[in-house]
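Chemist: Supplied in structure tokens, the structure appears directly below.
Computed from the coordinates by the stated procedures, all read-outs in this text should not be read as laboratory data. These figures come from a predicted structure and were not determined experimentally. Because the Cβ atoms are built from the backbone with ideal geometry, glycine has one as well, and the counts that use them run over all protein chains shown.
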Amino acid sequence: MTMNITVFGATGQVGAQVVALLTAAGQDVTAASRGSGVDAVSGAGVDGALANAEVVVDVLNSPTMADDAALAFFTATAANLTAAAKRAGVGHYVLLSIVGVDQLEGGGYVRGKVVQENAVAASGVPYTIVRATQFHELTEVITGSLVVGDEARVPDALIQPIASADVAAVLARTATERPANGVMDLAGPEPMSFADMAALVLAAQGKNLRVVVDPAATYFGTPVHTASLVPRGDAERAPHRLSDWLGAR
Ligand SMILES: NC(=O)c1ccc[n+]([C@@H]2O[C@H](COP(=O)([O-])OP(=O)(O)OC[C@H]3O[C@@H](n4cnc5c(N)ncnc54)[C@H](OP(=O)(O)O)[C@@H]3O)[C@@H](O)[C@H]2O)c1
């Protein structure tokens, strides 16, 4: 049965893949982004993008990681989109979030994601929050952020990278399922230490840096402990491994 599905963040890393999968599956997809006249911060064009929508997939991202701006972005967009979804009688709001986000002592970006999750859960619109681990595509940025001189100084913590393509596949499937009215965790196939992740990335880049575990190292300024970024309970595990993804590039 064809469903009307509006994807916010349709031009993004995940959103473009979700749009492609849903379109290939024969769904009636509205791809919303600023280029299509939809500004989720001001609310302009949001009601129009939701005309006839049965399902919303929210894969928006803040254009900036700066604390105040990221918090303001997720606060405004979640308020606008959930209110409009309620007005439009949307039957399922699917939100992409981050594994462990509510337990992190993070800055504005992390707090913004929690505000976003809470707005969706409190909206009165049936919902599913899919919390994913860090994307394969982000591991090079993470590793680069940890390089000091000729060393990568990594936190003493686990990470369980996932391909963004696997995240998109789960979101596309979830969009056509019944709302969970709760949170599900989604992770890559295997947890690994930050040290092992950095060693894989550096080897793939042909960089000969020493990897050192540094208890003071952070994840983009957020302190992380052993299991901060990996699922602590049940989680769906995606198939594609970081080592294969790095090797295929
Ligand atoms: N990266 C990770 O490892 C990771 C892990 C777990 C969860 N996540 C979550 O995944 C989500 C999606 O990330 P991504 O990397 O796919 O994002 P992205 O590539 O940065 O894409 C962001 C999307 O948001 C749209 N957008 C930005 N500002 C907008 C506005 N004012 N109005 C309407 N649309 C706007 C952009 O469209 P235009 O610029 O074309 O308007 C674009 O389509 C994020 O919420 C992130 O927290 C990421």
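Chemist: Does anyone have the angle between helix 108-121 and the longest principal axis of the chain? Alpha-carbon axes, 0 to 90°, nearest 10?
Modeler: Between the helix axis and the principal axis of the chain, the angle is about 40 degrees.
Chemist: Would you please name the chymotrypsin sites (Phe, Trp or Tyr not before Pro) within segment 183-249 that are DSSP coil residues with at most 15 other C-beta atoms within 10 Å of their C-beta?
Modeler: Working: sites: 194, 219, 220, 245; in loops: 220.
Filter output for segment 183-249: 220.
Chemist: Still on this structure: Connecting C-alpha atoms closer than 10 Å in a GNM of the chain, tell me which of 94, 224, 141 has the biggest fluctuation.
Modeler: Maximum among the listed residues: 141.
Chemist: Taking θ as phi - 60°, what are the ³J(HN,Hα) couplings along segment 147-155 by the Karplus curve (6.51, -1.76, 1.60), each to the nearest whole Hz, with x for Gly and Pro?
Modeler: The phi angles translate into 7, 10, x, 9, 10, 9, 9, 10, x Hz.
Chemist: Now for a different question. Return the whole-Å distance between the Cα centroid of segment 131-152 and the Cα centroid of segment 206-228.
Modeler: Centre-to-centre (Cα) distance: 9 Å.
Chemist: Counting only C-alpha contacts under 8 Å and six or more residues apart, can you give the relative contact order of the chain as a whole percent?
Modeler: Reported as a whole number, the value is 19 percent.
Chemist: Among 99, 213, 154, which one shows the highest mean-square fluctuation when the chain is modelled as a Gaussian network with alpha-carbon springs under 10 Å?
Modeler: Of 99, 213, 154, the Gaussian network model singles out 213 as fluctuating most.
Chemist: Ok, one more. For segment 169-231, state which trypsin sites (Lys or Arg not before Pro) are in a DSSP loop and have at most 14 other beta carbons lying within 10 Å of their beta carbon. The partial results should precede the final answer.
Modeler: Values: sites: 173, 207, 210; in loops: 207.
The qualifying sites are 207.
Chemist: Turning to a different aspect of this structure: Place +1 on the Cβ of every Lys and Arg and -1 on the Cβ of every Asp and Glu in the chain, take the dipole about the Cα centre, and give the residue among 152, 115, 220 whose Cα lies farthest towards its positive end.
Modeler: Of 152, 115, 220, it is 115.
Chemist: Calculate how large, on average over all directions, the projected area of the Cα convex hull of the chain is; give the answer in nm² to one decimal.
Modeler: The number I arrive at for the chain is 13.0 nm².
Chemist: To continue, here is another question. Taking the Cα centre of the chain as origin and charging only Cβ (+1 Lys, Arg; -1 Asp, Glu), how large is the dipole, in debye to the nearest 20? If you can, show how the numbers build up before the last one.
Modeler: On the way: 15 positive and 24 negative charges, 55 e Å.
So the dipole magnitude of the chain works out to roughly 260 debye.
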